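Below: the structure, in structure tokens.
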2 protein chains.
Amino acid sequence: MSSKGTVAVVGIGRMGANIARRLREIGYDVTAVYDVESGVAQVVAAELGASAAQTLSGVTASADTILTVVSDDAAMLAIFSETGDSLLDGANGKLFVNCATLSPGIHVEVERRAEARGASSLEACMASSIPQARAGTLYLMAGGRPETYERALPMLEGMSTALRYIGPAGSAAQVKALVNMVMNSNTAALAEGLGLGDALGLDLGMLREVFAQTGANSRVLETDGADMQAREHDVYFSAAHAAKDSGIALELAREHGLELPVAAATKAQYDRMIALGLGELDKSGVAELTFPGRATSRL
Amino acid sequence: MSSKGTVAVVGIGRMGANIARRLREIGYDVTAVYDVESGVAQVVAAELGASAAQTLSGVTASADTILTVVSDDAAMLAIFSETGDSLLDGANGKLFVNCATLSPGIHVEVERRAEARGASSLEACMASSIPQARAGTLYLMAGGRPETYERALPMLEGMSTALRYIGPAGSAAQVKALVNMVMNSNTAALAEGLGLGDALGLDLGMLREVFAQTGANSRVLETDGADMQAREHDVYFSAAHAAKDSGIALELAREHGLELPVAAATKAQYDRMIALGLGELDKSGVAELTFPGRATSRL
């Protein structure tokens, strides 16, 4: 199979590694991987037949497209630093595809820095998780210039079965912040309904069935309802992450003069989980705060 | 067609009248109707070939089963008064089927009063609206003694295509309060997501599509999302009703020592609608509080 193109991956956590595996599988030449934890990068590099790059400029030199999946805003600004070792070195003509969930303004700034060096930058915001990354079935929302989106499209279509162009850089991050803000509120509300049902001595299996058949139905009822009942909070999307994303959305609201009291009450619940040492539970763990006797029994 | 039995209906609002139409259509002999607004009762009585009863004792005398659909707790206690004109007069052997949404304790009290007179009482709590009442496709949750449920079952099956026995008297009202509490919170959360999306200049049709495909999806997104965007708040389930039902649930929580901050923040939003004179909008009208510039423009 002839190569579909060269790609390097920065940030080899579980998402980054699985995207790299997928791209290699469908015919991309994965030239280099890079991670601040160089041991992790070496293991994945060996598996994929890529080099474990020692410098960011080396990553950029190795491929036409550089895909980034870092953990937060600060890490993103660091790899696109305007001084020192940076992905921007020798970036003329390169395409950056940025998959981390970041504050919207960071995508605008990275696009500005990339274009100043003659490169292109696209945000490709993911609303799904590890298995979808490996299978190439991510839900992806893109933000950036239309022509940059067109350039990235063949690769994005290899990563995603649900791809959507949202608008300019940062707009996909805005949409994801809104999705997660509403999801978090629905989750906290569901935990309250089930917790009160438990206090009333109702059969919670029955109650979840009634919720599913009525106006109380929601996606989080499907994904988190049984886990709340069973206290199974293995992390899929952590409470700390929920607090962060609701916080990004509330900051956007503040900037626009909007008050969102339900989102604020929800964020306070996730902040309370963090304060109680429960921040690394799954977001379904908010039920530990609303079921009678639970929060104290866990501590 | 031979009669399936005699039934009288107390409370001839749109729900009560449509249940009466349905029961007549499927072979029940609707003997009498009663309403505090006697003019309304006379019109429906004439349509159905029933009598417009002048007294509550006359209602009870007219039928084996008396179906009640009144507006609130006080009206329910009034028609089951232990003094003066009352459905309890001559109630020995009668079956009361009570469809209003009430505080759970009221159903317990009505059952007690009915049984003291040798009658049976069942709560039949509705989680759907006018068209379903007319078509016999209500979502019905029953609370009361199992033998009373069995006795009422043929009639309930004529009213409902989704019938569920919950438990003792009052338990169906508890479940409905929980359904509506969660539904109201999801509604207020959705209004915040769409309102912030509007402030950010996002395409709200696109945003609703993304919500529908992700963890933000919910039944209220389907029923209320487009209405929030279009400001179409013709009442189906009023903001005042939402405040009342969330209030019932929060009172149950208080009695059990639970704090439910998201439900409390939601109730405060619906209370704010009432204070702004918006209580008779549909619950989707909570978007008037969260979209930039709306609440003030409406006043």
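Per-residue ellipticity at 222 nm for the protein assembly as shown, helices alone: DSSP H runs ≥ 4 residues times -39500 (n - 2.57), over residue total, nearest 500 deg cm²/dmol? Kindly include the intermediate steps, with their values, before the conclusion.
On the way: 28 runs with 324 residues, N = 598.
When only DSSP H runs of four or more count, the value is -16500 deg cm²/dmol.
Kindly state, to the nearest 0.05, the FRET efficiency for B:Asp64 paired with B:Glu222, given R0 = 51 Å and r defined as their beta-carbon distance. List each step's numbers first, then the result.
Values: r = 40 Å, r/R0 = 0.79.
So the FRET efficiency works out to roughly 0.80.
Using a label position 7 Å from Cα in the Cα→Cβ direction, what is the ascending list of nm distances from A:Glu255 to the same site in the other copies?
4.7
For a quick size check, give me the Cα extents of chain A along its three principal axes, largest first, whole Å.
Its Cα atoms span 64, 44, 35 Å along the three principal axes.
Under 30 Å between alpha carbons: how many lysine pairs meet that in chain A, if sequence neighbours fewer than 8 apart on the same chain are excluded?
9
How far is helix A:38-48 tilted off the main Cα axis of chain A, in degrees rounded to 10, range 0 to 90?
Compared with the principal axis, the helix lies near 70 degrees.
In a Debye calculation with equal point scatterers on the alpha-carbon sites of the protein assembly as shown and no solvent, what is log10 I(q)/I(0) at q = 0.06, 0.07, 0.11 Å⁻¹?
Ignoring solvent entirely, the Cα scatterers give -0.40, -0.52, -0.98.
Enter the Cα centre distance for the pair segment B:48-82 and segment B:110-188, rounded to the nearest angstrom.
Centre-to-centre distance over Cα atoms comes out at 18 Å.
Hey, for A:Glu47 with labels 7 Å out along Cα-Cβ, what do the inter-copy distances come to in nm, ordered shortest first?
6.8
Picking from A:Glu111, A:Glu123, A:Glu25, which is most flexible by a Gaussian network model of chain A using Cα springs under 10 Å?
A:Glu25
Using alpha carbon centroids, what distance separates segment A:1-24 and segment B:235-285, in Å?
50 Å
Could you tell me the calculated FRET efficiency between A:Ala78 and B:Ala212, based on Cβ-Cβ distance and R0 = 30 angstrom, to the nearest 0.05? Spell out each step's value before the answer.
Working: r = 36 Å, r/R0 = 1.20.
It comes to 0.25.
Select from B:Ala75, B:Thr60, B:Gly49 the residue farthest towards the positive end of the dipole of segment B:24-89; place +1 on Cβ of Lys and Arg, -1 on Cβ of Asp and Glu, and compute about the Cα centre.
Result: B:Gly49.
Does anything in segment B:171-215 have its amide N under 13 Å from the 7 Å Cα→Cβ label point of A:His256, and if so which residues?
Answer for segment B:171-215: B:191-205, B:207-208.
Indicate the gyration tensor shape class of segment A:126-194 (rounded, prolate or oblate), computed on the Cα atoms with a ≥ b ≥ c the square roots of the eigenvalues: a/c under 1.5 is rounded; otherwise a/b larger than b/c is prolate and the rest oblate.
Working: a/c = 4.62, a/b = 1.71, b/c = 2.70.
Oblate is the answer for segment A:126-194, as a/c is 1.5 or above yet b/c matches or exceeds a/b.
Going toward the positive end of the dipole of the protein assembly as shown, with +1 on Lys and Arg Cβ and -1 on Asp and Glu Cβ, which of A:Ala240, A:Thr161, A:Met181 do you reach last?
The listed residue farthest towards the positive side: A:Thr161.
Using the Kirkwood radius over C-alpha pairs as Rh, can you work out the diffusion coefficient of segment A:6-168 via Stokes-Einstein at 25 °C, viscosity 0.890 mPa s, in µm² per second? Please list the in-between numbers first.
Details: Rh = 15.2 Å.
Estimated diffusion coefficient is 161 µm²/s.
Enumerate the residues in segment A:86-101 having an amide nitrogen under 13 Å from the point lying 7 Å beyond the Cα of A:Glu147 toward its Cβ.
Within reach of a label on A:Glu147, which here means backbone N under 13 Å from a point 7 Å along Cα→Cβ, segment A:86-101 contributes A:93.
Taking a point 7 Å out from Cα toward Cβ as the label site, list the nm distances between A:Leu77 and the same residue in every other copy, smallest first.
Result, one decimal in nm: 6.2.
Using +1 on the beta carbon of Lys and Arg, -1 on that of Asp and Glu, and nothing else charged, what's the dipole of the protein assembly as shown about the Cα centre, debye to 20? Each step should come with its number before you reach the end.
Values: 48 positive and 70 negative charges, 111 e Å.
Value, rounded to 20: 540 debye.
Would you mind getting the Kirkwood hydrodynamic radius of segment A:150-299 from its Cα pairs, rounded to one decimal in Å? Provide the component values of the computation, followed by the final result.
Details: mean 1/r = 0.0601 Å⁻¹.
Radius from the Kirkwood sum: 16.6 Å.
Only the coordinates and a few stated rules stand behind these numbers; no lab work does. These numbers were taken from a predicted model, which means no experiment stands behind them. When we count neighbours, we look across all protein chains shown, and the Cβ atoms used for this are built from the backbone with ideal geometry, even at glycine.
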